[in-house]
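First the structure, which I've put down as structure tokens, then a few questions once you've had a look.
The values are calculated or read from the model by the stated rules, or taken from the named source; none is laboratory data. This one's a predicted model, so the numbers in the text were calculated from it and none came from an experiment. Backbone-built Cβ (ideal geometry, glycine too); neighbour counts: all protein chains shown.
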Amino acid sequence: MREQLENIKKLASDDIQSSRSDAELDAVRVKYLGKKGLLTGILRGMGQISPEERPVIGALANTVREELEKYIEEKSLFLREKELSEKLENEKLDVTLPAKKKNIGKLHPISLVENRMREIFIGMGFEVVEGPEVESAYNNFDALNAPADHPSRDYTDTFYISTDILLRTQTSPVQIRAMQKKKPPIRIISPGRVYRVDELDSTHSPVFHQLEGLVIDKNINMGDLKGTLALFARAMFGERTKTRFRPHNFPFTEPSAEVDVSCFVCGGKGCRFCKSEGWIEILGAGMVHPNVLSGCGIDPEVYTGFAFGVGLERVALLKYNIDDLRLLYENDIRFLEQF
């Protein structure tokens, strides 16, 4: 048995030495040291020798196993180093070649405008609230005091999914949801995507973005609305920006107004940008109609409030002096990378 062990050691050493890959080396390991290997087979015959020789043969067998494991480990290390050396020799990198340019993404102009508006209104204490784009006709029209014959409810103006379900035409339904769930005081903004049946041209799109604002509390008046929007306009367009309110009509506010800002190109003197008027319309606003408040379970005798809505695309066009709305949606990298 001693001779058998010495013979296995010699044969295994030769096979290890002649191995040219990790796969061949692993096959040698299994052949001699595996559960059905030659060395394991020798050890299973230990019962046939005398008790006096068993410790000696056992110690020799363990020595042979340890030496073979060491040879295998050394050979494995040699093969890995050889493979790395050949790889380094064959794969060369020319460090003098110019590096490949990696384009870094930028925020879209609409995202830039929305983020800035969020920053401004959050700084005033407003909370951001969002709602679904697929909305009920009740939240989109009825709860906002729009009469059944209002032109905006017509199929030529609104995308209906069914008689009672539609794609929201404004983010004002979020205000309804907020008033139904929250108790005054309420101070929220609701940015989001809205839909209206319209042809796509330089100033119109069937899909666009709005940001609505709502404040409900005791003793809220038109002066609070004007002060809030004046602060917003200065933060958005510059400290010298002035605001102007013009009477208008919205079903969900009374009184209602369209809000202009002084032209930030000419400072209100009149130029081609503002069509020589010195003013640019940016949003609609007004005091929340008592019918809207009472419909949401808020007592109009105790609470009052104001609401406003601004189109993000319009602000983006004005702020970045873009003359065609379609440029915002064409995904032209040459245009978008300017921002």
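So which of Val265, Val215, Val261 ends up being over 27 Å from Ile161 (Cα atoms), aliphatic (A, V, I, L, M) and modelled with pLDDT of 95 or more?
Val215
Of the residues that sit in the range 189-229 and are of a type in the set (A, V, I, L, M) and surrounded by fewer than 22 Cβ atoms within 10 Å (Cβ to Cβ), which one is nearest to Val134 (Cα to Cα)?
Val207
Are there any pairs, at least 6 apart or on different chains, whose C-beta atoms fall under 9 Å, with the first in the range 170-192 and without any contact (Cβ under 8 Å) to a residue 12 or more places away in the chain and the second crowded, with 24+ Cβ neighbours inside 10 Å, and if so, which?
Lys182/Ile216
While we're on this one: Which is surrounded by 21 or more Cβ atoms within 10 Å (Cβ to Cβ) and either over 34 Å from the mean Cα position of the chain (by Cα) or not polar (S, T, N, Q) (or both), of Phe245, Phe232, Phe264?
Phe232
Name every residue in the range 194-223 that is assigned to a strand (DSSP E or B) and closer than 22 Å to Asn140 by Cβ, in order of residue number. It would help to see each step written out before you state the result.
Our first condition is that a residue be assigned to a strand (DSSP E or B); within the range 194-223, this holds for 194-195, 207-217.
Result: Val194, Tyr195, Val207, Phe208, His209, Gln210, Leu211, Glu212, Gly213, Leu214, Val215, Ile216.
Here's another thing I want to ask about it. If I filter the range 15-25 for residues that are surrounded by 12 or more Cβ atoms within 10 Å (Cβ to Cβ), small (Gly, Ala, Ser) and at pLDDT below 80, do I get at least one hit?
There is no residue in the range 15-25 that is surrounded by 12 or more Cβ atoms within 10 Å (Cβ to Cβ), small (Gly, Ala, Ser) and at pLDDT below 80.
Specify the residue that is modelled with the highest pLDDT; the eligible residues are those in the range 224-244 that are touching a strand residue (DSSP E or B) at 6+ places or on another chain (Cβ under 7 Å) and either closer than 14 Å to Ile280 by Cβ or in a loop (DSSP other than H, G, I, E, B) (or both).
Selected residue: Leu229.
What is the residue count in the range 115-139 for residues that are within 27 Å of the chain's Cα centre (by Cα) and assigned to a helix (DSSP H, G or I)?
So the answer is 9.
Among Val129, Val95, which is the only one that is closer than 30 Å to Gln175 by Cα and of a type in the set (A, V, I, L, M, F, W, C)? Explain how you work it out, then say what you get.
On the way: Val95 fails: closer than 30 Å to Gln175 by Cα.
After applying the criteria, what remains is Val129.
Scan the range 288-339 for residues that are outside any loop (DSSP other than H, G, I, E, B), aliphatic (A, V, I, L, M) and surrounded by fewer than 20 Cβ atoms within 10 Å (Cβ to Cβ) and jot them down.
Scanning the range 288-339 gives Leu325, Leu327, Ile333, Leu336.
Something else: Give all pairs with beta carbons closer than 9 Å in which a residue from the range 216-231 that is within 18 Å of Val261 (Cβ to Cβ) meets a residue that is assigned to a loop (DSSP other than H, G, I, E, B); count only pairs at least 6 apart in sequence or on separate chains.
Short answer, once both residue conditions are applied: Thr228/Met124; Ala230/Thr241; Ala230/Lys242; Leu231/Met124.
Here are the criteria: (1) at positive phi; (2) within 34 Å of the chain's Cα centre (by Cα); (3) not basic (Lys, Arg). Tell me which single one Leu312 does not satisfy.
Exception for Leu312: condition (1).
With the condition kept exactly as written, say whether any residue in the range 91-98 is of a type outside the set (Asp, Glu), in a helix (DSSP H, G or I) and over 21 Å from Gly309 (Cβ atoms).
Looking through the range 91-98, none of the residues is of a type outside the set (Asp, Glu), in a helix (DSSP H, G or I) and over 21 Å from Gly309 (Cβ atoms).
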